[in-house]
Every structure is written in C-alpha cells, then in structure tokens.
Amino acid sequence: MPNELSRVHILMHLWINFLEVGYVKSQGVLSFDPAVPITDADIDMGIFAYVRTLSIAGKSAKAGVLLPYASVSVNGFVNDIFRTRDQVGFADPAFYFSLNVKGAPALSLKEFKYCRQDMIIGFTVRLTAPLGAYESEKLMDIGTNSWSFEPELGISKAIGRWTFEGASAVALYTDNDEFDINKSREQDPLYSGQLHASYTFANNVWASAGATYYTGGSTTIDGAENKDLQENWRVGFILALPVDRRNSIKLFAQNGVSTGTDYDSLGIIWQYRWGGGI
C-alpha cells in the first residue's frame, strides 16, 4: 500500500470528504501477512478508501477507512517450501484517525487558501481488522486472521516549496489461533521509521520521494520461535496531478531494496473530494 509514500497533508479544510479508488500491481517477494514472506508472487490490488477531515479542539484531524480487494497468484517458495496458490477476495480493512497537535489549526476553505505551513507535529492510530479472505488450512492467504494496532508520531517542516517529513511507528499484533489449521502464532511488534521530501510546483502539481525502514515482527508458533526477524528498506516516489477543483490523480512506485525481500509495485489512484464549500 502507498500510504507511507504519500505526502502528509498537514493543513486541511473543514469538513472535506475524499473518495479514492486505485489499482496497484506488485511482483516479487510479497506478503499480506508480514510473517509469511512469499517469493515470486504476483498481486493485483484494487483500493477503495474514504477520508473525512475534522476539527477537534480547534486542531485539524481526519478519519478514514481503507478497503483493499486483491487477486493473488503465487508460484514460488514460502519458508523454503514450494507452493502454488491463487486467491481472490478482500484483504483486511484498515481504520485510521489522525490529529495534528501542533502548528495545524482547523481552517475554513477561505482561511486555508491564505495559510502557510511552518512546523507541524501530529499522530496517527491505525486499526486493521481480521475481516479479509482467510482459509486456515492454507499457509498463504490474503487476510491475516489477526488484529493489528499501529500508533505513529510524525513531524513536518515546510521550507518554501519544499516539505520535509519524518515519522516513527510500531505495529502490535494479536495472536492467530487458526494458523495452519489449528496452530497458534504470536508475532512481536514491528517497528518502522520514515523520511520524505516533497516539492510543490506552481500549478499545484506535487512530487514526493521517501524511504521507510522496518525491523522486528519475529513469530512464535505453538511456543517454538522462528528465525524470521524482518529487516527491510522500502523506497518510493509519488506524483500528484490535479485535474480540476474536485478531482486529482496520483501515480506512485515503490521498491523493497533489502536482500531477500526485493519487490516492485506500481499504482494509480483517482481522488474525488466534496464538501467544505468546494
């Protein structure tokens, strides 16, 4: 998913709604469940998302839901065992809430037009529900059959047309008691850090490049520890192109660059917005 590649929209209008529909094509070492890396996978994913901006105690905030739908084709190795698997269905939906606690007041559309960003500090909490397609007798699944909770703290600084951002997060997982039919799997927290730089052009086109580092996430199955500590760098680029007052298109690409976890993703997202006097 491209969320870690997207520029943080710090100064937001009051009561604006966003609808996003997109498509992502990924190939390589991939997984919906970070504890089960899959080599030689091919994933086609549809993205459906809704976001609404809010005002909380005079601060700008937003809440949203992300619903992925995927087609997965695998002909490769999972933990050194060759497997073949084709599956189509919804992946686990994600619900999130963001609040800017410093430097980003909630603004009307008229106020937003004349406001300029300086330094912003905010946080996001993301909850993923185990509602995706899952078959306990299969090792590879679109869904994870596990809840996850991910708090994230971020900071953003604007300098002219440039915006520089950093964020750190930790993902916490509940146990999956139906792993490989009737086994219980526990997963350690997964830690991540991100850095991004974006540039806004005169015609409101903007581009962003960034990198994310992950570590942690080791698993235990029925009390036996696995040697599956995750360490991965991910780099990416996104280009946002306004179409008109309500519509825009985003193009993005990302790559996992660590040895043994190499993959490539390309995608496109159409965004429609309404409300708040637009």
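Quick notes on this structure:
- Some residue of segment 244-258 being more than 21 Å from residue 94 (Cβ to Cβ), in contact with a Ser or Thr (Cβ under 9 Å, 6 or more places away or on another chain) and exposed (fewer than 14 other Cβ atoms within 10 Å of the Cβ): no
- For residue 215, the test of being within 23 Å of the chain's Cα centre (by Cα), loosely packed, with under 15 Cβ neighbours inside 10 Å and of a type in the set (S, T, N, Q) is passed.
- Answer residue from segment 121-140, given it is within 22 Å of residue 215 (Cα to Cα), buried (at least 17 other Cβ atoms within 10 Å of the Cβ) and not basic (Lys, Arg) and is modelled with the lowest pLDDT among those: 140
- In segment 95-106, the residues that are at positive phi form Cβ pairs under 7 Å with partners that are surrounded by fewer than 19 Cβ atoms within 10 Å (Cβ to Cβ), at six or more places apart or across chains, as follows: 103/118; 103/119; 103/121.
- Among the residues of segment 112-150, those identified as hydrophobic (A, V, I, L, M, F, W, C) and assigned to a loop (DSSP other than H, G, I, E, B) are 115, 129, 131, 133, 139, 140, 142, 147.
- Of 144, 124, 200, all but one fail to be of a type in the set (S, T, N, Q), on the phi < 0 side of the Ramachandran plot and over 16 Å from the mean Cα position of the chain (by Cα); the exception is 200.
- Qualifying residues in segment 64-92 (those that are surrounded by fewer than 18 Cβ atoms within 10 Å (Cβ to Cβ) and outside any strand (DSSP E or B)) - the one modelled with the lowest pLDDT: 79
- Some residue of segment 242-258 being on the phi < 0 side of the Ramachandran plot, touching a residue at least 60 places away in the same chain (Cβ under 8 Å) and over 18 Å from the mean Cα position of the chain (by Cα): no
- Odd one out for residue 33, checked against (1) within 25 Å of residue 269 (Cα to Cα); (2) in a strand (DSSP E or B); (3) modelled with pLDDT under 90: (2)
- Filter pass, residue 100 being modelled with pLDDT of 85 or more, touching a strand residue (DSSP E or B) at 6+ places or on another chain (Cβ under 6 Å) and farther than 20 Å from residue 145 by Cα: yes
- Residue count for segment 173-196 under the criterion of being surrounded by 15 or more Cβ atoms within 10 Å (Cβ to Cβ), more than 16 Å from the chain's Cα centre (by Cα) and among the hydrophobic types (A, V, I, L, M, F, W, C): the result is 1.
- Close contacts from segment 133-152, counting a first residue that is in contact (Cβ under 8 Å) with a residue 12 or more places away in the chain and aromatic (Phe, Trp, Tyr) and a second that is surrounded by fewer than 18 Cβ atoms within 10 Å (Cβ to Cβ) and outside any loop (DSSP other than H, G, I, E, B), with Cβ to Cβ under 7 Å and a gap of 6+ residues or different chains, come to 149/127; 149/172.
The values are calculated or read from the model by the stated rules, or taken from the named source; none is laboratory data. The structure displayed is predicted, hence computed values, not measured ones. Don't worry about glycine lacking a Cβ; one is built from the backbone with ideal geometry, like all the others, and counts go over all protein chains shown.
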